[in-house]
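Please treat every number below as a calculation from the coordinates, not as lab data. Remember, it's a predicted structure, so these values are computed and weren't measured experimentally. In this analysis, Cβ positions are derived from the backbone assuming ideal geometry, glycine residues included, and neighbour counts consider all displayed protein chains.
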Amino acid sequence: MKKALKAGKIKNIMKIVFLSKLSKDWEQYVNQLRDEFPGVEFIENHDPENRINVLKDSDAVIAGKITTEELENAAKLKAVIVPFTGLNNFPTELLKERNIKIYNTHANARYVAEHAVTLAFALLGKVIPFHNDLKKGIWSRTKETDDMWNSIINKNAGIMGYGHIGRYIAKYLKPFGVHITGFRRNPETSSDEYADVITGNFDDLIKNSEIIFNVLPLNPETKHIINPGNIDKFKGKYIITVGRGETIHEEALYNGLTNGIIKGAAIDVWYNYPGRNPEPVMPAKFPFWELPNVVMSPHKSSHTAGAVTAMIDDTCENIRKFIKTHTV
């Protein structure tokens, strides 16, 4: 846990709202905040139907999602603090209009990158097909090409979204001699410590990559960036996606995998998610789970103890800074 900032004097009683019930992982951190800042009211909302009421006179809110209606009823709100990376569940334009600051955390970046690289090794290494075959006593040791796995050594990899997570992916791949091309908007440099090339040209990234890691956030510019119009450009390539599902057109991805365009895909982010009901929910309307060239993961890239602790710690540090300065 990071060293606490000194509380100092707080002129007005401040109201910090957690929009959902705190898990056990959070409780000790929030209790420490209460001890550090006795003049600040920390509110934990247990009732999903009461979100608008608790937001009415809040100064800052910690949430993974806020609706336009909720924001319109939060007249005093100065900051939204998101305990993870993605910002696609927020009315960002309205936040800008209201001059409400929104902050997220990249503390889970190294863990998401680790999971992405793990998925790549599983996909290229055919770990799951070999595992399933051996359960049936099938050894898959012929000289046929289909029985061989693919090495990542000296491959060309492209990273869609070369930010915090993307840099860790590149760092983890470097020892294997992988040539890295990073894609990001308006790159400030043409290369860095881990990426051999950094480009703002999406077509160049596709053309020069055998393995493509999708780490893009979801926004109007990235939604369906891979789509029916450009899916043919991914001929013979592997796709590993840990960003947001809707950055790739669902049907185009499925068709690309079934008709031999895309060589294989490892997917951690999806198109259909369960609600509060514990009933089983399939992750897409197309049966990706029936395809032999797909590795599936249930949005688990940051679901590890280290990532959870890092994200909570970083979020609480942002709360401390807001309390001290009214900014983060």
Q | Cβ-Cβ FRET estimate between N255 and K171, R0 fixed at 41 Å, reported to 0.05 | A | 0.75
Q. Expressed as a rounded percentage, what relative contact order does the range 109-296 have, with Cα pairs under 8 Å and six or more residues apart?
A. 18 percent
**Q.** Those GluC sites (Glu not before Pro) in the range 188-222 that DSSP places in a loop and that have at most 14 other beta carbons within 10 Å
**A.** E188, E193, E221
Q: Give me the angle, in degrees from 0 to 90, between the Cα long axis of helix 24-36 and the longest principal axis of the Cα atoms of the chain, rounded to the nearest 10.
A: 30 degrees
(Q) Under a crude label model (7 Å from the Cα following the beta-carbon direction), how far is K24 from E290 in nanometres? (A) 4.1 nm
Q) Can you pull out the chymotrypsin sites (Phe, Trp or Tyr not before Pro) in the range 65-139 that DSSP calls coil and that have at most 12 other Cβ atoms within 10 Å? A) W139
Q) Rounded to the nearest 500 deg cm²/dmol, what is the calculated helix-only ellipticity per residue at 222 nm for the chain, with -39500 (n - 2.57) per DSSP H run of length n ≥ 4? A) -9000 deg cm²/dmol
(Q) List the pairs from K96/K285; K24/K78; K174/K207; K96/K300 whose alpha-carbon separation is above 29 Å, in the order I gave them. (A) K96/K285; K96/K300
(Q) Please enumerate, by chain and number, the lysines with C-alpha under 21 Å from the C-alpha of K136, excluding those fewer than 8 residues away in the same chain. (A) K126
Q. When a footprinting reagent is the concern and you count Cβ atoms within 10 Å, what order do W149, W289 take, fewest first?
A. W289, W149
Q: Within the range 157-206, list the chymotrypsin sites (Phe, Trp or Tyr not before Pro) lying in a DSSP loop whose Cβ has at most 13 other Cβ atoms in a 10 Å radius.
A: none
Q: Would you mind working out the magnitude of the charge dipole of the chain relative to its Cα centre, with +1 at each Lys and Arg C-beta and -1 at each Asp and Glu C-beta, to the nearest 20 Debye?
A: 720 debye
(Q) In whole Å, what are the extents of the chain along the principal axes defined by its C-alpha atoms, from largest to smallest? (A) 74, 48, 37
Q.
Within a 10 angstrom radius of the beta carbon, how do V242, V30 rank from fewest other beta carbons to most?
A. V30, V242
Q: Rounded to the nearest 10 degrees, what's the angle between the helix 305-325 long axis and the longest principal axis of the chain, both from Cα atoms, 0 to 90?
A: 40 degrees
Q) Once both labels are modelled 7 Å past Cα along the beta-carbon direction, what's the N132-D146 spacing in nm? A) 1.3 nm
Q: Give me the number: length gained by fully extending T68 to D203, i.e. 0.36 nm times residue separation minus the C-alpha to C-alpha distance, one decimal in nm.
A: 45.0 nm
Q.
What does the C-alpha gyration tensor say about the overall shape of the range 131-268? Classify as rounded when a/c is under 1.5, otherwise prolate if a/b is larger than b/c, or oblate.
A. oblate
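Which order results if T105, T118 are arranged by neighbouring Cβ count within 10 Å, fewest first?
T118, T105
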